[in-house]
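The values are calculated or read from the model by the stated rules, or taken from the named source; none is laboratory data. Remember, it's a predicted structure, so these values are computed and weren't measured experimentally. Note: ideal-geometry Cβ built from the backbone for every residue, glycine included; neighbour counts use all protein chains shown.
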């Protein structure tokens with residue numbers, strides 16, 4: 001994972017959303033338990049299927065936007081699923097689960113084990129579509145880094161905005177890379193290159209978080225037109241995705257980049 005190291009060389013506004021919300025009850029999703037798909041992974045997939053069904057019931061089409069091409073092997077199934085979750089962002093609406101029940105069942109037609117998740121949820125319909133003029137260009141990242149190597153990159157926005165950067169690994173580690181205690185939040189100016197790290201005296205170091213030959217890392221760039229802080233203390237893929245999905249599509253741009261850290 002990227003870690004910020006010292007170099008010792010020297011609101012969202014509150015809106016009335018009720019007219020855009022629909023409550024649905026007893027929505028089911030299911031997933032098979034087989035092969036490399038564990039009961040825990042099957043439950044996660046079943047929940048996502050239930051959320052998609054909740055969107056459908058609320059009359060919201062699934063407008064999926066692919067942000068980048070996968071630049072790694074798909075052999076790491078869990079990391080590939082994580083990548084897919086962030087590189088295909090739902091832009092029609094957001095689902096907030098109010099109640100969830102899960103059970104294991106055997107389908108008599110095929111004898112397979114399934115996890116069935118049933119949810120009650122509130123579906124919020126977005127009023128906007130992504131703004132094609134609101135973009136950032138990320139440059140300078142390599143496909144792989146050696147252990148301990150410094151990582152730097154630049155971001156070029158075509159409009160003013162605010163940036164949050166999250167880093168994920170295939171070992172389930174998640175952190176907010178920017179802003180941080182060392183790098184303060186600031187507005188990025190239109191058509192001005194922003195270099196990262198943003199200040200002298202620190203570096204982003206490529207450090208593997210587990211004793212493996214190589215580690216997949218994913219950088220998630222979330223660029224917003226207004227300053228929308230991420231307040232969750234418990235940073236997980238789910239809390240980050242929920243935060244993104246509660247931002248109107250016209251107010252955000254999401255870019256995903258991946259790389260390897262090797263010995």
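Quick notes on this one:
- Residue match in the range 191-199 (condition: at pLDDT 95 or above and touching a helix residue (DSSP H, G or I) at 6+ places or on another chain (Cβ under 8 Å)): no
- Failed criterion for residue 2 (all others in (1) buried (at least 19 other Cβ atoms within 10 Å of the Cβ); (2) modelled with pLDDT of 75 or more hold): (2)
- Qualifying residue in the range 19-28 (condition: assigned to a helix (DSSP H, G or I), at pLDDT below 90 and more than 25 Å from residue 220 (Cβ to Cβ)): yes
- Residue match in the range 216-224 (condition: at negative phi and not in a strand (DSSP E or B)): no
- One residue from 246, 217 being farther than 26 Å from residue 97 by Cα and in the same structural domain as residue 180 (by TED's automatic domain parsing): 217
- Number of the exception - residue 232 against (1) in contact with a strand residue (DSSP E or B) (Cβ under 7 Å, 6 or more places away or on another chain); (2) within 30 Å of residue 95 (Cα to Cα): (1)
- Conditions (1) surrounded by fewer than 17 Cβ atoms within 10 Å (Cβ to Cβ); (2) assigned to a strand (DSSP E or B): number failed by residue 165: (1)
- Taken over the range 158-172, the criterion of being touching a strand residue (DSSP E or B) at 6+ places or on another chain (Cβ under 8 Å) and under 30 Å from residue 213 (Cβ atoms) is satisfied by 165, 166, 167, 168, 169, 170, 171.
- Each residue in the range 211-263 was checked for being more than 12 Å from the chain's Cα centre (by Cα) and farther than 21 Å from residue 179 by Cβ, and 15 of them qualify.
- Pair list, Cβ < 7 Å and 6+ apart or interchain, from the range 15-44 residues that are within 17 Å of residue 95 (Cβ to Cβ) and outside the structural domain of residue 113 (by TED's automatic domain parsing) to residues that are in a strand (DSSP E or B) and modelled with pLDDT of 95 or more: none
- Assessment of the range 128-137 against the conditions (under 24 Å from residue 178 (Cα atoms) and in a strand (DSSP E or B)) yields at least one matching residue.
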